[in-house]
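Beneath this line is the structure, given in structure tokens, with notes to follow.
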Amino acid sequence: MIPASYPNNYWETNFQPMQPGLVTARYRLQPYAGPFDETRAQRFGLDTEHAAPLTQHFGEPGVTPPPLPLSGTLLHLPDAPVLTTQFKATDGGVLLSLLNASDETQTARVAFALLKIGGAWRCDLFGIKQEELAVFDGTVSLELLPRRVVTLHLELIPSAQENLP
């Protein structure tokens with residue numbers, strides 16, 4: 001309960017209308033000559049937001065990863081104007097969010113190179129499986145409506161195990 005004497009703002013929240021202290025804002029500018037290109041602007045924003053990815057170990061037990069080559073391509077993502085906005089590891093797979101940053105329907109194809117897709121689902125924004133998608137020859141293809149975000153759950157298997165029963 002907020003005391004009646006506590007200052008409040010228009011939207012009835014419990015934050016003071018004026019916050020004490022300094023505010024630090026960082027800007028990143030990129031000179032560009034030419035017509036507006038939304039895909040380029042979106043990619044610049046994503047690159048800026050994730051310029052230094054952070055990871056934190058939560059004390060999970062270690063696992064022995066499958067043997068992988070020293071170098072190679074992990075996965076093939078769609079080309080612009082389809083942008084990858086999230087790539088997150090989950091139990092047994094990954095969550096992948098794709099944004100169609102155009103005014104036209106786009107076909108997006110996702111394929112792994114060092115691993116294989118064992119199953120694919122269209123999910124809601126929280127990663128809860130909604131609709132199973134067909135996987136053909138290790139590739140998932142789907143149509144993205146204009147200006148829409150789609151989240152996929154992809155279950156992965158090492159490519160060496162793809163022919164095991």
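The values are calculated or read from the model by the stated rules, or taken from the named source; none is laboratory data. All figures in this text were calculated on a predicted structure; none of them were measured in a lab. Neighbour counts run over all protein chains shown; Cβ positions are idealised from the backbone, glycine included.
Numbers at a glance
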| quantity | calculated |
| --- | --- |
| Residue within region 68-80 that is on the phi < 0 side of the Ramachandran plot and at pLDDT below 70 present | yes |
| Leading residue by the ranking (nearest to Thr151 (Cα to Cα)) among those in region 87-104 that are in contact with a helix residue (DSSP H, G or I) (Cβ under 9 Å, 6 or more places away or on another chain) and touching a residue at least 60 places away in the same chain (Cβ under 8 Å) | Ala101 |
| Residue that is farthest from Pro69 (Cα to Cα) [pool: residues in region 110-141 that are outside any strand (DSSP E or B) and in contact with a Gly (Cβ under 9 Å, 6 or more places away or on another chain)] | Ala113 |
| Matching entry among Thr73, Thr84, Thr151, Thr107 (being hydroxyl-bearing (Ser, Thr, Tyr) and in contact (Cβ under 8 Å) with a residue 60 or more places away in the chain) | Thr151 |
| Residue count, region 69-109 (criterion: part of a loop (DSSP other than H, G, I, E, B), touching a strand residue (DSSP E or B) at 6+ places or on another chain (Cβ under 8 Å) and within 21 Å of Glu155 (Cα to Cα)) | 4 |
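Table: residues versus (1) within 26 Å of Arg40 (Cβ to Cβ); (2) surrounded by fewer than 16 Cβ atoms within 10 Å (Cβ to Cβ); (3) of a type in the set (Gly, Ala, Ser).
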| position | (1), (2), (3) |
| --- | --- |
| Thr90 | no, yes, no |
| Gly93 | no, no, yes |
| Ala108 | yes, no, yes |
| Cys123 | no, no, no |
| Arg147 | yes, yes, no |
